[in-house]
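Working notes for the structure below.
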Amino acid sequence: MSDTIASRVVAALREEIVTLKLKPGDAISESDIAARYGISRQPAREAFIRLAQQGLLLIRPKRATVVKKISADGVRQSRFIRESIEVEIVRRVAGAHLPETKEALKAIIADQEAASEIEDVHGFHELDELFHRTLARLAGVEYAWQLVDDHKIQLDRVRYLTLGVASQKRAITEHKAIVAAVAAGDAAGAEAAMRAHLARAEVLLGQTIAEHPDYFEAEEDEPAEGETV
């Protein structure tokens, strides 16, 4: 029971951290979370430990636990893992020629367009997740998407910071390019479209570091000339 409660708290707090309801550097306490969810301190403590292992909380003995700042290196590694897996996913879907593929993906894009029109950032983000998860389902590798989801938390924090209307419209255009290649059975084209789509993470990272420097961990200094690493 305690593990189930802790898992629910982990999911809820992860959502708050990704969507910036809890911002990098914000203090958070086990007692406050236990009171908020009407639970004992033990599952709250377990949730904090798991979130720390995921790189979202910094637990400091005898000091306040805080929401960890975003790791630029973590974002880049998240993108590497995601691209490595999703490129193979989209190639499989393009080669499978499943009759429901095009309509299923087009329906999600239509919902994304509707969410963008009413500036529903949270809804748009959820539909973006659904688009990529649906590709994994159609490829028959939903567990692979779970692996992606487990490793893209830092990337998600950056993506949420940049989900303005212009960014949403660009994402929709890129999703349409992926669907067009998949529908045509063009595996190479689908791979190229997916790579181009996910490559935007590097641009978004630079943008968010410039706009929100306090949200990011300081990157290690480059070694001085003559120093070894």
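The values are calculated or read from the model by the stated rules, or taken from the named source; none is laboratory data. It should be emphasised that the depicted structure is a prediction, and the values quoted were computed from it without experimental measurement. Note that we place each Cβ from the backbone using ideal geometry, even for glycine, and neighbour counts take in every protein chain shown. In case anyone asks, the SASA skips ligands and DNA or RNA and just uses the protein heavy atoms, side chains included. Shrake-Rupley method; radii C 1.70, N 1.55, O 1.52, S 1.80 Å.
Each residue in region 59-71 was checked for being outside any loop (DSSP other than H, G, I, E, B) and surrounded by fewer than 18 Cβ atoms within 10 Å (Cβ to Cβ), and 1 of them qualify.
Per-residue answers, yes or no, for (1) modelled with pLDDT of 95 or more; (2) closer than 29 Å to G123 by Cα; (3) of a type in the set (S, T, Y):
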| site | (1), (2), (3) |
| --- | --- |
| M1 | no, no, no |
| T4 | no, yes, yes |
| G55 | no, yes, no |
| R63 | no, no, no |
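Taken over region 122-180, the criterion of being closer than 30 Å to P213 by Cα and not in a helix (DSSP H, G or I) is satisfied by K152, T162, L163, G164. For D120, which of the numbered conditions (1) at pLDDT below 95; (2) more than 26 Å from L20 (Cα to Cα) fails to hold? That leaves (2) as the condition not met. Residues that are touching a Pro at 6+ places or on another chain (Cβ under 9 Å), assigned to a helix (DSSP H, G or I), free of Cβ contacts under 8 Å to residues at least 24 places away in the same chain and open to solvent by less than 70 Å² (accessible area, probe 1.4 Å) do occur in region 26-44, at least one of them. Residue count for region 157-184 satisfying the condition of being farther than 16 Å from D73 by Cα, at pLDDT below 95 and open to solvent by less than 40 Å² (accessible area, probe 1.4 Å): 8.
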